[in-house]
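Q: Take a look at this one; I'll ask things after.
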Amino acid sequence: MNNSVGNSARLLGAGLRALLVLTVICGVLYPLAVTGVAQALFHDKANGSELTADGKVVGSELIGQRYDLPLKKGQETAEPDLKWFQPRPSNGLGENSVNTQYQLLLSGATNLSGDNKDLVQQVKDAKAAVIKDNSTADHQVKPSDVPAEAVTSSGSGLDPHISPEYADLQVHRVAARNHLGVEQVRKLVDGHTDGRILGFVGEPRVNVLQLNIALKELTGKG
């Protein structure tokens, strides 16, 4: 009996020592080492690829954001703030007008089939809105000008990018709303268009938040 109790005590002690050692190694030293290396070598990415404006963090370059006007009395859905470049449509994006009121709501696609009546109507309504919102006194947007991502959300609902074509479609409206020259705004878009990775992977893209931060700096608007 005494040997049995002694063996059990030794096994229990060995188990507790192993637990303590592994807790220190795996729960303290390893996370500290990984965090230290990430902060030293990949500081921006480790902290969420944050973007700043006026010295304040306004979001991440990896997560899309909405640019809406404040809700009016009785409104359930905010109207887009048309002085900014607009992202892809999505119910999952937080609100941000290049300021500090960004708040992520949810992530996910509609999960509706391509022939779903509600989805078809949403796309039709979105296309009509894109044409109406981006047409100006001296520039009329044609239905054929509207790219697919202007009326559909991404799989995650959080895509931070739009195509150069959708950015170009918005140039006339942004220029008119901000009292800027069209070529001046188009040059801004060109300067914030990223090409294919390694020259052949993916598609050219424009990060909407980065573009709007540059627009804010150009116009001095908040």
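The values are calculated or read from the model by the stated rules, or taken from the named source; none is laboratory data. As the structure is a prediction and not an experimental result, all values here were calculated from the model. We place every Cβ from the backbone using ideal geometry, glycine too, and count neighbours over all the protein chains shown.
Q: Go through segment 16-55 residue by residue and tally those that are surrounded by 10 or more Cβ atoms within 10 Å (Cβ to Cβ) and either among the small types (Gly, Ala, Ser) or part of a strand (DSSP E or B) (or both).
A: 12
Q: Look through segment 1-46, keep the residues that are among the basic types (Lys, Arg) and over 30 Å from Leu62 (Cβ atoms), and return whichever of them is farthest from the chain's Cα centre (by Cα).
A: Going through the qualifying residues, I end up with Arg10.
Q: Does Lys124 satisfy the criteria of being over 22 Å from the mean Cα position of the chain (by Cα) and at pLDDT 65 or above?
A: Criteria met by Lys124.
Okay, residues lined up against (1) in a loop (DSSP other than H, G, I, E, B); (2) surrounded by fewer than 14 Cβ atoms within 10 Å (Cβ to Cβ); (3) at pLDDT 75 or above; (4) touching a helix residue (DSSP H, G or I) at 6+ places or on another chain (Cβ under 8 Å):
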| residue | (1), (2), (3), (4) |
| --- | --- |
| Val58 | no, no, yes, yes |
| Gln75 | yes, yes, yes, no |
| Phe85 | yes, no, yes, yes |
| Tyr102 | yes, no, no, no |
| Leu105 | yes, yes, no, no |
| Ala109 | yes, no, no, no |
| Asp115 | yes, yes, yes, no |
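Q: Let me ask something else. Taking segment 173-196, which residues are more than 22 Å from Ala129 (Cβ to Cβ) and among the polar types (S, T, N, Q)?
A: Gln184, Thr193
Q: If you don't mind, another one. What's the total number of residues in segment 191-216 that are free of Cβ contacts under 8 Å to residues at least 40 places away in the same chain and either of a type outside the set (S, T, N, Q) or not assigned by TED's automatic domain parsing to the domain that holds Pro160 (or both)?
A: Final tally of qualifying residues: 12.
Q: Let me ask something else about it. Scan (1) surrounded by fewer than 19 Cβ atoms within 10 Å (Cβ to Cβ); (2) modelled with pLDDT under 95 for the single condition Gly157 breaks and write down its number.
A: Gly157 satisfies all of (1) surrounded by fewer than 19 Cβ atoms within 10 Å (Cβ to Cβ); (2) modelled with pLDDT under 95 except (1).
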